[in-house]
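Inspection log for the structure reproduced underneath, given as structure tokens.
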Amino acid sequence: MEQEVCLITGVGPGTGRALAERFAQGYRVAMLARNAERMKTVEQAVPNAKGFPCDMADADQLQATLATVRAELGAPSVVIHNAVGGVFGHFLDIDPQVLQRNFQVNVLSLLALAQATAPAMIEAGRGAILCTGNTAAYRGVETFAGFAPTKAAQRILCESMARHLGPKGVHVAYVAIDAIIDVPWTRRRFADKPADFFCQPKDIAAECWHVAHQPRSAWSFNVLIRPYREPWSIS
């Protein structure tokens, strides 16, 4: 049988690449990200992974890219929205245009992804849509005003989707990472921290694989990931 398709947005050097590597072990993976060269590197290293350059904030470009994915690989049975728009700042400092772009990337592109891919999953009676997030989806930290509102909206949209799609056989889950993910820039910023302070991208990907393949009698929705050293930013 032809392999099913997993679509992953926001494929960068950390969680996105790890997701592509894990899901390529069972799927043909469509990778969406703005950086074509970076995806080319992943393509060369990961069998079954193909990059589709796309700016998630550009609604027309996203629709065109999704059509290309369907034409070249087929309709995805698993979708993971890992792309993120974020900026730090107080509400008095942030540019409203930046918040609007983050809303486009985090929320409206999720809506577009779901609207484009859920109908085929409904027809098949199965499928999974996952969204990776963080603690900004649960709390308004003072300096998170530029993206926390969009992450909260993202989680609530996922819940609305889950309520509608669950009875139709399609699993929707929100995977929040309450941790510092181990990528080069976080290692530099937290150079004084031990290795086990960081959350490993491959372990996040493994949990996403697990959630995407849970038995129907025990689906999760709110999934919180944290390393054992994390002091529980949220409960």
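All of the numbers you see were taken from the coordinates with simple rules; none came from a lab. These figures come from a predicted structure and were not determined experimentally. Please note: Cβ atoms are built from the backbone with ideal geometry, for glycine as well, and neighbour counts cover all protein chains shown.
Cross-link partners of residue 193 among lysines, defined as those whose alpha carbon lies under 23 angstrom from its own and excluding same-chain residues fewer than eight positions apart: 202.
Taking 172, 183, 29 as the candidate residues, the one with maximal mean-square fluctuation in a Gaussian network model of the chain, Cα springs under 10 Å, is 183. Under the convention that each Lys and Arg Cβ holds +1 and each Asp and Glu Cβ holds -1, the size of the dipole of the stretch 21-84 around its Cα centre is about 220 debye.
For the options 187, 101, 126, a Gaussian network treatment of the chain with springs between C-alpha atoms closer than 10 Å singles out 187 as fluctuating the most. Over the C-alpha trace of the chain, radius of gyration and Dmax come out as 17.0, 56 angstrom.
Taking 1 over the mean of 1/r across every pair of different Cα atoms in the stretch 146-235, what Kirkwood radius in Å do you get?
On the way: mean 1/r = 0.0674 Å⁻¹.
It works out to 14.8 Å.
Contour minus end-to-end for residue 197 and residue 218, with contour as 0.36 nm per residue of separation and end-to-end as the Cα-Cα distance?
4.5 nm
When you filter the GluC sites (Glu not before Pro) in the stretch 139-235 for DSSP loop state and at most 16 other Cβ atoms inside 10 Å of their Cβ, you are left with 142.
Among residues other than residue 39 with Cβ under 12 Å from its Cβ, the summed charge is +3 (Lys and Arg +1, Asp and Glu -1). Remark: the residue 232-residue 142 segment gains 30.6 nm on full extension, using 0.36 nm per residue and subtracting the alpha carbon distance.
If the chain between residue 88 and residue 72 were fully stretched, how many nm would it gain, using 0.36 nm times the residue separation less the Cα-Cα distance? Walk me through the numbers before you get to the answer.
Numbers: separation 16, 0.36 × 16 = 5.76 nm, distance 3.79 nm.
Extending this stretch completely gives an extra 2.0 nm.
About its Cα centre, how strong a charge dipole does the stretch 5-225 have in debye, to the nearest 20, once Lys and Arg get +1 and Asp and Glu get -1 at the Cβ? All intermediate terms of the calculation are to be shown ahead of the outcome.
Values: 21 positive and 18 negative charges, 79 e Å.
Dipole of the stretch 5-225, to the nearest 20 debye: 380 debye.
Simple spin-label estimate for residue 210 and residue 124 gives 2.4 nm between the two label positions (7 Å along the Cα-to-Cβ direction from each Cα).
To the nearest 500 deg cm²/dmol, what mean residue ellipticity at 222 nm is calculated for the chain from DSSP H runs of n ≥ 4 alone, each contributing -39,500 (n - 2.57), summed and divided by the residues?
Numbers: 8 runs with 93 residues, N = 235.
Taking each H run of at least 4 residues, the total per residue is -12000 deg cm²/dmol.
Between 0 and 90 degrees, the angle of helix 201-212 with respect to the longest Cα principal axis of the chain falls at about 50 degrees.
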